Every structure is written in structure tokens, then in C-alpha cells.
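This report concerns only the one structure given below.
Here, each number is a calculation from the coordinates, and none is a lab measurement. The model shown is predicted, which means the values in this text are computed figures rather than measured ones. Neighbour counts are summed over all protein chains in view; Cβ atoms, including those assigned to glycine, are modelled from backbone coordinates with ideal geometry.
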Amino acid sequence: MKKYLLIGGLGFVGKHLAKYLANKGYIVCLFDLNSPTEDELAFLDYHPNITFIKGDVLNDHDLNNVFIENYDGVFHLASFVGIKNYISDPSGVIITTVEGTKKIAKWCSKKNLHLFFTSTSEVLGKNRNIPWDEEADRVYGSTQIERWSYGSSKGVAEQLIIGLSKTESLKYTITRFFNIYGEGQNPIFLIPKTIHNCLNGVSPLMYDSGNQTRCFTYIHDAIFALDKLMTTKSEGIFNIGSQFEHTIKDVIIKIINLTNNKINFKSVQTDVFYKNKYEDIDRRVPNVKKIFNSIGWKASTNLDDGLVKTIDWSKKNKWWLNLDSSISEYKVKN
């Protein structure tokens with residue numbers, strides 16, 4: 001029976017991954033949440049094969065505690081997420097990602113553990129050469145635009161891991177997520193926030209023209225890729241994203257039609273809303289040839305099917321519907 005350490009095990013991806021892996025092996029989840037939701041508290045008793053340990057990736061004592069045990073691999077998923085966090089605490093985003101990853105990578109190197117680091121398509125910034133492959137150039141805006149703190153820090157963390165693979169023989173897998181969504185995601189991202197608003201009778205927001213495009217990837221497709229990449233110990237960087245490209249406006253209208261067709265969206269200009277601290281990306285499309293050639297994976301759930309499943313879950317979970325809409329202001333560290 002395999003045994004894995006999940007750092008950030010109470011986050012959106014972490015919970016789905018823990019549930020999936022618990023049926024195949026034993027999971028130790030390190031988490032750092034000061035005010036867990038009802039769902040997160042319930043998840044603490046979810047499965048006998050999952051052990052939860054409260055700790056901080058920046059705390060040496062906490063890491064010493066969790067790395068006493070031996071594992072078949074380490075999933076590092078902990079980070080700040082959400083535009084509000086990038087803007088309100090960019091230094092916290094950078095320090096948590098870079099310093100936390102350094103500490104975890106050093107432990108993995110010391111104990112000869114395979115490190116699986118979840119990165120993001122944000123590392124490529126506003127590169128206009130679509131689709132993005134794993135070797136695409138990183139193109140960022142000004143350092144005075146707080147929005148780039150997340151992608152910049154993840155990019156540095158990637159280079160740190162790659163550097164340690166050369167100097168300390170660290171074995172690693174890095175994945176870049178492209179707009180993952182699904183059941184239980186905090187309503188601080190486009191799809192869950194729009195669903196949350198519509199089901200509560202609140203007009204969803206559409207940023208700028210709504211003509212920006214994304215390739216939304218259903219969580220269960222992504223989890224299967226994570227498991228297979230770790231099982232095969234596939235080394236290198238891999239994009240995890242769908243080939244279903246949609247405009248933001250199209251996604252919002254789909255959700256309105258599936259939830260509350262009596263409501264209309266409100267247009268928001270990001271330069272006003274975020275006071276020139278945010279810069280959007282016109283298109284974000286992954287090249288997924290590498291992961292397909294390596295493990296035969298490609299996303300199979302189209303947006304319509306994924307939205308129906310996510311909305312059905314949302315309707316059944318009143319605690320999620322009752323979350324304060326100001327949750328978009330919160331810091332989510334996992």
C-alpha cells in the first residue's frame with residue numbers, strides 16, 4: 001500500500017486528491033487553515049486512511065514533525081490563491097511559495113523522496129504565442145502590478161526545484177494547472193463565484209469585455225493525471241489542461257442558463273475595480289502533447305458536463321451556498 005504526504009491537503013485540489021488516493025493507499029495531509037469551513041471540518045474524519053496534521057510550510061518544527069515518516073512521494077499543493085490575495089498580500093504569496101517550496105524540496109532531497117509540485121499556467125504571464133507548451137517563454141508585466149506576484153513566485157519555485165535536481169539529485173514532477181474547476185471550490189474564481197452568485201440571486205460579474213478565453217479543466221480529469229504522473233514518477237514539467245477553449249462571457253452565460261435565467265451579469269472594468277493593480281490575459285491555451293505522449297492523458301469532460309456536475313453539487317450543499325460573498329477577500333493558503 002502506497003503512502004503519500006499531501007501538503008495543502010485541505011485545499012480544493014488537495015481534498016479531491018486525498019479522497020482519490022485514500023482508496024488506493026495511506027495519506028498524510030499537512031494543512032494550515034485557521035477557520036475551516038463546515039465541509040473542511042467534516043473532511044477531517046472522511047476516511048480512515050487519511051491522517052491530518054496541522055502545520056505551516058514555513059515552520060521548521062512542523063516540517064520536522066511531518067517528515068519523520070517515510071513516504072512513496074510528496075505532493076506540494078500549498079499556496080495562496082485568488083486575485084484578491086495576489087493584490088492584498090503579494091509578499092505573502094511570494095514568501096509562502098518560494099520559501100515553503102525550498103524547505104519542502106530540501107526535505108525531499110534529504111530523504112530521497114519524489115517531489116510533486118503543482119504550479120500554474122500563470123507562470124507564463126502574458127505570452128501571446130498560443131498554445132503554451134512547457135518550454136514557452138515567461139512574459140510578465142511591471143513588478144508594480146501586484147497581479148504578477150503569484151505567477152512570478154511559482155516560476156521561481158519551478159526553477160528552484162529544477163536547480164536542486166542538478167545539485168542535490170532531487171527527483172521531481174511539476175504540473176501547470178490550466179483553470180481547474182469543480183465541486184467544492186471556493187467561490188473566489190470565475191466558475192464557482194458565478195455559480196454561487198446565480199444560485200443566491202446575485203448578478204455575477206463579468207470582467208472587462210468578457211472576450212478573454214480560457215481552457216477550463218474539470219477537477220476529476222486533473223486528479224487522474226496527478227495520480228498517474230506520480231505513479232509513473234514521470235519527471236519534468238507537464239501541462240494539465242483541457243482543449244475546450246471558451247470566452248469568459250460564454251461561461252457566465254452558460255452558468256446563468258443552467259441556474260437562474262432571470263438574472264443578468266454586471267460588467268466590471270478591472271482597471272477601476274482593482275485600481276490598476278490587475279492585468280488580465282487575453283488567451284490561455286495549453287499544449288498538452290507532452291503529457292499525452294508520456295501517460296496517455298487528455299481531459300475528457302467538456303465544459304457543459306462539468307458545469308452540470310458542479311452546479312448539482314452546489315445546490316445540494318447549503319453550507320457552500322451560505323458562504324459570505326466576501327469570502328473573496330479571505331486568504332486561502334491551501
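Note on Q159 and T247: the extension gain reaches 28.5 nm, defined as 0.36 nm multiplied by sequence separation minus the Cα-Cα distance. Among the listed pairs K15/K315; K3/K171; K233/K289; K19/K316; K228/K298; K193/K298, those with a Cα-Cα distance over 22 Å are K193/K298. Here the 3J(HN,Hα) profile of region 89-105, calculated from phi with Karplus coefficients 6.51, -1.76 and 1.60 at θ = phi - 60°, is 9, x, 5, x, 4, 5, 5, 4, 5, 6, 5, x, 5, 4, 5, 5, 4 Hz, Gly and Pro shown as x. Listed values for region 227-244 are Karplus-derived 3J(HN,Hα) couplings in whole Hz (6.51 cos²θ - 1.76 cosθ + 1.60, θ = phi - 60°), namely 4, 5, 5, 6, 4, 8, 6, 5, 9, x, 9, 9, 6, 10, x, 8, 9, 9, and x replaces Gly and Pro.
Semi-axes of the equivalent ellipsoid for region 156-314, computed as √(5λ) from the eigenvalues of its C-alpha gyration tensor and ordered from largest down, come to 32, 19, 13 Å. Taking the fewest neighbouring Cβ atoms within 10 Å as the starting point, the ordered list for M230, M1 is M1, M230. Region 159-219 and region 294-309 have Cα centres lying 15 Å from one another. For the chain, place one equal point scatterer on every Cα, skip the solvent, and apply the Debye formula. What is log10 of I(q)/I(0) at q = 0.10, 0.11, 0.13 Å⁻¹? Here log10 of I(q) over I(0) equals -0.56, -0.68, -0.99.
In this structure, the amide hydrogen of T120, modeled 1.01 Å from its nitrogen in the peptide plane, lies closer than 5 angstrom to those of F177, counting only residues at least 5 positions away or on a different chain.
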